[in-house]
Amino acid sequence: MNHIFKQGAAPDKPVLLLLHGTGGTEHDLLGLAKIIDPEASVLSVRGNVLENGMPRFFKRLAEGVFDEKDLVFRTEELRDFIIEAAETCQFDARNLTAIGYSNGANIAASLLFHYADVLKAAILHHPMVPLRDVSMPDLTGVPVWIAAGTNDPICPAQEAEELQQRLDAAGASATVHWVDTGHQLTMEEVEAAKAWYEKICISINKQDN
Ligand code: MLT
C-alpha cells in the first residue's frame, strides 16, 4: 500500500497509524500527528480503493452503506500490510495507536472489530459502526476515543453511540467526545484527542516499557 513511515525521536512511544478520509492521501494527517505527539513514529497509509478517483480504504454501495465483503477483505489487507511494514520499517507492531478520520476511522474501527492484537489504542474522528454481523474479539484493555458531531449528516450521532456500546461490550474502554459541529475535523477535537492521548496512551505506554 502507498504509505509514509517517519521514525520519531522517541521510538518507544506509540507508533501513530494515520488513516485519511475519502479523497485523502497519506499526506493528509501528518500535521495532525505532529500535534498529537511530535516525538512519535508515524505510519501513514493510503487506501487502496478508488471511488471516482478518490482514495478510500474500502468500497461503499452508497453514502453510509458499506460493501461489507470488500470491507472485510480490505481490513485483512491493511492488517497484513501493517505486519509487513513493521518488518521493513523496523517499528514495534504491538504499539500502534490508530488515528483515523471518517473513512479512515471506519477502517480503524473495522480493525478493532476483527482483531484483538492489531491496535493498542485508537482515536476515531467521526466514525460509524463499520459492520454489525461480526463476532467481536476480546478488546480488554484497548482504549478508544471517538469524536462525534452532534450535527454530522454523514456519521449520525446514534452511530457513535452504538459504536461506543459495541466496543465497550467487547471489553474496550471507549469514550465519545461530542462536538457541536458536522462532519469536519476541527482543531477543538484534535486538542481534546491530544489531551486524551497524553493521559491514557502515554500512561499505558510507560507501564508497558
Ligand atoms: C465512509 O464511507 O466510510 C463514510 O461514509 C464516511 C465517508 O468517507 O464519507
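The values are calculated or read from the model by the stated rules, or taken from the named source; none is laboratory data. In this text, all values refer to a predicted model and were calculated from it rather than measured experimentally. Cβ coordinates were reconstructed from backbone atoms using ideal geometry, including for glycine residues, and neighbour counts include every protein chain displayed.
For region 29-57, the candidate set comprises residues that are in contact (Cβ under 8 Å) with a residue 60 or more places away in the chain and surrounded by 15 or more Cβ atoms within 10 Å (Cβ to Cβ); within that set, the residue that is nearest to Arg74 (Cα to Cα) is Gly47.
Can you find a residue that is away from the ligand (no atom under 11 Å from the Cβ), closer than 23 Å to Ala148 by Cα and not β-branched (Val, Ile, Thr) anywhere in region 89-103? Give the steps one after another, and end with the answer.
As a first pass, look at region 89-103 and keep what is away from the ligand (no atom under 11 Å from the Cβ): 89-99.
Pick out the ones that are also closer than 23 Å to Ala148 by Cα and you get 96-99.
If we keep only those that are not β-branched (Val, Ile, Thr) too, we end up with 96, 98.
Yes, that holds for at least one residue.
For region 124-133, a residue qualifies if it is assigned to a loop (DSSP other than H, G, I, E, B) and surrounded by 16 or more Cβ atoms within 10 Å (Cβ to Cβ), and the qualifying residues are His126, Pro127, Met128, Val129, Pro130, Leu131.
When you check Arg56 against the structure, is it among the basic types (Lys, Arg), out of contact with any strand residue (DSSP E or B) (no Cβ under 9 Å at 6 or more places or on another chain) and under 20 Å from Phe5 (Cα atoms), yes or no? Answer is no for this residue.
Looking at Ile4, Ile36, which one is closer than 21 Å to Cys201 by Cα, more than 14 Å from the ligand (Cβ to nearest atom) and at pLDDT 95 or above? Being closer than 21 Å to Cys201 by Cα, more than 14 Å from the ligand (Cβ to nearest atom) and at pLDDT 95 or above holds for just one of Ile4, Ile36, which is Ile36. Among the candidates Phe81, Phe73, the residue that is of a type in the set (Phe, Trp, Tyr), surrounded by fewer than 20 Cβ atoms within 10 Å (Cβ to Cβ) and without any contact (Cβ under 8 Å) to a residue 40 or more places away in the chain is uniquely Phe73. The residues of region 51-78 that are among the hydrophobic types (A, V, I, L, M, F, W, C), farther than 16 Å from Ala98 by Cβ and more than 13 Å from the ligand (Cβ to nearest atom), listed by number, are Val72, Phe73.
Restricting attention to region 135-174, and to residues there that are more than 16 Å from the ligand (Cβ to nearest atom) and loosely packed, with under 14 Cβ neighbours inside 10 Å, which single residue is modelled with the lowest pLDDT?
Step one: list which residues in region 135-174 are more than 16 Å from the ligand (Cβ to nearest atom), which gives 135-145, 150, 161, 164-174.
Restricting the remaining residues to those that are loosely packed, with under 14 Cβ neighbours inside 10 Å gives 135, 138, 140-141, 150, 165, 169.
Values: Ser135: 95, Asp138: 98, Thr140: 97, Gly141: 91, Thr150: 96, Gln165: 98, Ala169: 98.
Result: Gly141.
Among residues of region 160-171 that are assigned to a helix (DSSP H, G or I), those with a Cβ under 8 angstrom from a residue that is hydroxyl-bearing (Ser, Thr, Tyr), sequence gap 6+ or separate chain, pair up as Gln164/Thr175.
Scan region 16-28 for residues that are over 24 Å from Pro156 (Cβ atoms) and free of Cβ contacts under 8 Å to residues at least 60 places away in the same chain and the total you get is 3. Quick check: anything in region 108-121 more than 16 Å from the ligand (Cβ to nearest atom) and within 10 Å of the chain's Cα centre (by Cα)? Yes - at least one qualifying residue is present in region 108-121. Of the residues making up region 175-204, those that are assigned to a loop (DSSP other than H, G, I, E, B) and either closer than 14 Å to Ile36 by Cβ or away from the ligand (no atom under 14 Å from the Cβ) (or both) are Asp180, Thr181, Leu185, Thr186.
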